[in-house]
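The values are calculated or read from the model by the stated rules, or taken from the named source; none is laboratory data. All values derive from a computational prediction rather than experimental measurement. With ideal geometry, Cβ positions are generated from the backbone for all residues, glycine too; neighbour counts draw on all protein chains shown. Just the protein is used for accessible areas: all its heavy atoms, side chains included, with ligands, DNA and RNA removed. Shrake-Rupley method; radii C 1.70, N 1.55, O 1.52, S 1.80 Å.
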Number of protein chains: 2
Amino acid sequence: MSFNFELKQTDADSLARRGKITTYHGEIETPIFMPVGTQATVKAMTSEELKEIDAEIILGNTYHLYLRPGHELIKEAGGLHKFMNWDRPILTDSGGFQVFSLSDLREIKEEGVYFQSHIDGSKHFISPEKSIEIQNALGSDIVMAFDECPPEPGNYDYVDNSLERTVRWAKRSKDAMSNDKQTLFGIIQGGIFKDLREKSVKMMTDIGFPGYAIGGLSVGEAKDDMLKTLDHTTPLLPKEKPRYLMGVGTPEDLIEGVKRGIDMFDCVMPTRIARHGSVYTSKGRITVRNATYKKDFNPIDTDCDCYVCQNYTRAYIRHLLKRNEILGVRLTTYHNLHFFIDLMKKIKYSIKEGNFLSFRENFYKKYKD
Amino acid sequence: MSFNFELKQTDADSLARRGKITTYHGEIETPIFMPVGTQATVKAMTSEELKEIDAEIILGNTYHLYLRPGHELIKEAGGLHKFMNWDRPILTDSGGFQVFSLSDLREIKEEGVYFQSHIDGSKHFISPEKSIEIQNALGSDIVMAFDECPPEPGNYDYVDNSLERTVRWAKRSKDAMSNDKQTLFGIIQGGIFKDLREKSVKMMTDIGFPGYAIGGLSVGEAKDDMLKTLDHTTPLLPKEKPRYLMGVGTPEDLIEGVKRGIDMFDCVMPTRIARHGSVYTSKGRITVRNATYKKDFNPIDTDCDCYVCQNYTRAYIRHLLKRNEILGVRLTTYHNLHFFIDLMKKIKYSIKEGNFLSFRENFYKKYKD
């Protein structure tokens, strides 16, 4: 077993914590943000650039890679690491989230999900066993159990039935694991209902996993509901296991997640808004594509020491974005990912120094969204 | 005057030559290929990457930069070098070629050209003086005289009248120069007619320029006509001045141009075909986007030592291109520019070693287009 989690420190004034995850492809210092590499590429970035900004782990999407180019091809290439030239840890999701959010005409049965590809309508079936088989072919370090992320987090009966099935699927996912270089995380569901989250935690920890994700949040519920659910759920999880908040979120969400004891995050936000011409700065998010920045010869963020801010101005980046030049999106993407990873570094440091809550307060004083 | 050309060596068996151009922003070893940075960016590349592949000089397009973001804005940014973060030499064209090939409703008068922007139909006027003013604001190292590149290289009377006007415009361009950090090249026209090329050379050298470009080729004429025109024209040009063949060309064109005494080349081909999924290899051009390469886990070119060929496979690059992932175009662009610059390095070395013609022969033995 190549997986380990070491809880190094817990904050005295909050649930924030520092730790170290060891995987087959190396170590990860938590809390950590994982850039998303949906189609075997973190959009617009090379692996070398991801290392430049100190990305320690990235996420790959099972659903997308299964459909194109296909997990067999990636296996033939020597696995996802080799295929995309990334030798640090990779986490793959189970495909569940995309099957339910992207595909057409899905039919959920106890054995798994029948669905049609969102690309060409071709028919497919993914079960817990199939999801593990695909993730095994991809060769990721952390594998997620196949789950349903309920489309309506506020529909009690639906969420209840769904989470019970997700637990049964998690057990089958665990039984299907065969590669001891890979580690399986379970996913807690339960929508925004306290008792259902409790039930999910109880049933999942009874099965037992080396790490737990909290799923079904940041899917349309009110921000307050998300935070309350985290407040309630995270303390129920075993302290000695890593906790991963799936698909979250904004810089504020990362800080609030850490405060509530979360160790791992992923989100497409920094890369997606970069493609739409928006960037994060220490004073908040700005749309550098806007006319306001036409003659602004400052860097995106004067407080930032990334390659982009050291070499390029807002005026130049705006010009590139307006002309649909690839370099524009490259620069905004690079900066935004650097911003997220740098934020996590600062959070880690503040926990280490015992001043996480004052770091949080100072961040909010400057940062206005 | 910061410009100098040193003719270092002439091949014993052909007109090929090696030289060194000195500009305000540094030196260039010739023969040289100049990547094209139309809109203040060599498409998909950072300046840092251009240096990685040893680009010594790039080209900027006056017409595009004049229209967007505007030369005044670039001047305010500190010039094109600073705006785009490129501290090595830049050559700018005069805008003439694009005014004649891209704009709508152009009207050529003795004083200059009235035209409408191809983007929004707005009305503009560019004269030799205006072209020099724009290029002065851009701050390029090598400036091109304002010329007409005749649309029909085979229409004698049109080409004759046009080249005479281009000579008068070249004189006005020279008179308009005011910045001694910049150097003006004259452009030889004359279509595919020997006597008109002779006339153009005579009239342009009578004015006298620190360098001469050969324009009006690679605009639709037969390859044989281009080579014959080069055969005839290049020897007429003063040996002690650099010679620039505008808008050319393929790897074969570069070799044939050098053989005929050309020192400088530019072409959008390597970056343009990269965006369409085609790449150069030592065995010829291939379309790596094609299904043939779906499971080809070799690099683009096993003989290539570039970053892309050291780290990524054809199968991966094909996957990226098929998914319209930015990284796909980044990798093909990087490789193609490296291929061109590397080819010029090999050519330079073969001239130095006195075996250019056998290098040429060996290149063609392997390379099939």
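Please indicate, with yes or no, whether at least one residue in the stretch B:24-38 is away from chain A (no Cβ under 14 Å), over 23 Å from A:THR333 (Cα atoms), assigned to a strand (DSSP E or B) and polar (S, T, N, Q).
yes
Looking at the stretch B:300-310, which of its residues are within 10 Å of chain A (Cβ to nearest Cβ) and touching a helix residue (DSSP H, G or I) at 6+ places or on another chain (Cβ under 7 Å)?
Result: B:TYR307, B:VAL308.
Take the stretch A:286-319 and flag every residue that is farther than 17 Å from B:THR41 by Cα and in contact (Cβ under 8 Å) with a residue 40 or more places away in the chain.
A:VAL288, A:CYS306
Can you tell me which residue is surrounded by the fewest Cβ atoms within 10 Å (Cβ to Cβ) among those in the stretch B:1-29 that are touching a helix residue (DSSP H, G or I) at 6+ places or on another chain (Cβ under 8 Å) and closer than 18 Å to B:LEU230 by Cβ?
For the stretch B:1-29, the residue satisfying everything is B:ASP13.
If A:THR38 meets every condition in (1) touching a residue at least 40 places away in the same chain (Cβ under 8 Å); (2) within 27 Å of A:SER101 (Cβ to Cβ); (3) open to solvent by less than 20 Å² (accessible area, probe 1.4 Å) apart from one, which number is that one?
(3)
Only one of (1) closer than 18 Å to B:PHE209 by Cβ; (2) open to solvent by 10 Å² or more (accessible area, probe 1.4 Å) is not met by B:LYS82, so which one is it?
(1)
Is it the case, given these coordinates, that B:LYS368 is open to solvent by 60 Å² or more (accessible area, probe 1.4 Å), in contact (Cβ under 8 Å) with a residue 12 or more places away in the chain and more than 10 Å from chain A (Cβ to nearest Cβ)?
yes
Conditions first: (1) surrounded by 19 or more Cβ atoms within 10 Å (Cβ to Cβ); (2) part of a helix (DSSP H, G or I); (3) within 14 Å of chain A (Cβ to nearest Cβ). B:GLU48 passes all but one, so which condition is the exception?
The single condition B:GLU48 does not satisfy is (1).
Just one of (1) within 11 Å of another protein chain (Cβ to nearest Cβ); (2) of a type in the set (Lys, Arg); (3) more than 21 Å from the chain's Cα centre (by Cα) trips up B:ARG275, so point out which.
(3)
Starting from residues that are open to solvent by 10 Å² or more (accessible area, probe 1.4 Å) and small (Gly, Ala, Ser), keep the ones in the stretch A:162-184 and report whichever is modelled with the highest pLDDT.
Per the stated criteria, the residue is A:ALA176.
Taking B:TYR293, is it within 14 Å of chain A (Cβ to nearest Cβ) and over 24 Å from the mean Cα position of the chain (by Cα)?
Judged against the criteria, B:TYR293 is a match.
Of everything in the stretch B:1-23, what is charged (D, E, K, R) and outside any loop (DSSP other than H, G, I, E, B)? Give them in sequence order.
B:GLU6, B:LYS8, B:ARG17, B:ARG18, B:LYS20
Can you give me the number of residues within the stretch B:159-174 that are without any contact (Cβ under 8 Å) to a residue 24 or more places away in the chain and either under 21 Å from the mean Cα position of the chain (by Cα) or outside any helix (DSSP H, G or I) (or both)?
0
Against the definition (of a type in the set (D, E, K, R), part of a loop (DSSP other than H, G, I, E, B), at negative phi and away from every other protein chain (no Cβ under 14 Å)), how does A:ASP54 come out, yes or no?
Answer is no for this residue.
Only residues that are more than 14 Å from every other protein chain (Cβ to nearest Cβ), of a type in the set (A, V, I, L, M, F, W, C) and open to solvent by 30 Å² or more (accessible area, probe 1.4 Å): list them for the stretch A:311-362, please.
A:LEU357, A:PHE359, listed by residue number.
What do you reckon, is B:GLY257 within 11 Å of another protein chain (Cβ to nearest Cβ), among the small types (Gly, Ala, Ser), buried (at least 22 other Cβ atoms within 10 Å of the Cβ) and on the phi < 0 side of the Ramachandran plot?
no
Is there any pair with a first residue in the stretch B:45-66 that is under 26 Å from B:GLY96 (Cα atoms) and without any contact (Cβ under 8 Å) to a residue 12 or more places away in the chain and a second that is surrounded by 23 or more Cβ atoms within 10 Å (Cβ to Cβ) and of a type in the set (Ser, Thr, Tyr) whose Cβ atoms are under 6 Å apart and which are 6 or more apart or on different chains, and what are they?
Pairs that qualify, where the first residue is under 26 Å from B:GLY96 (Cα atoms) and without any contact (Cβ under 8 Å) to a residue 12 or more places away in the chain and the partner is surrounded by 23 or more Cβ atoms within 10 Å (Cβ to Cβ) and of a type in the set (Ser, Thr, Tyr): there are none.
Tell me, yes or no, whether the stretch B:208-226 has at least one residue that is part of a loop (DSSP other than H, G, I, E, B), farther than 30 Å from B:LEU7 by Cα and free of Cβ contacts under 8 Å to residues at least 24 places away in the same chain.
Yes; the residues of the stretch B:208-226 include at least one that is part of a loop (DSSP other than H, G, I, E, B), farther than 30 Å from B:LEU7 by Cα and free of Cβ contacts under 8 Å to residues at least 24 places away in the same chain.
How many residues are open to solvent by less than 10 Å² (accessible area, probe 1.4 Å) and not in a loop (DSSP other than H, G, I, E, B) when one looks only at the stretch A:185-203?
So the answer is 8.
Please determine, by comparing only the residues of the stretch B:251-289 that are of a type in the set (Ser, Thr, Tyr) and in contact with a Lys or Arg (Cβ under 8 Å, 6 or more places away or on another chain), which one is nearest to B:LYS8 (Cα to Cα).
Result: B:SER282.
Restrict the check to the stretch A:115-134 and report whether at least one residue is among the charged types (D, E, K, R), in contact with a Lys or Arg (Cβ under 7 Å, 6 or more places away or on another chain) and within 22 Å of A:MET246 (Cα to Cα).
Taking every residue of the stretch A:115-134 in turn, at least one turns out to be among the charged types (D, E, K, R), in contact with a Lys or Arg (Cβ under 7 Å, 6 or more places away or on another chain) and within 22 Å of A:MET246 (Cα to Cα).
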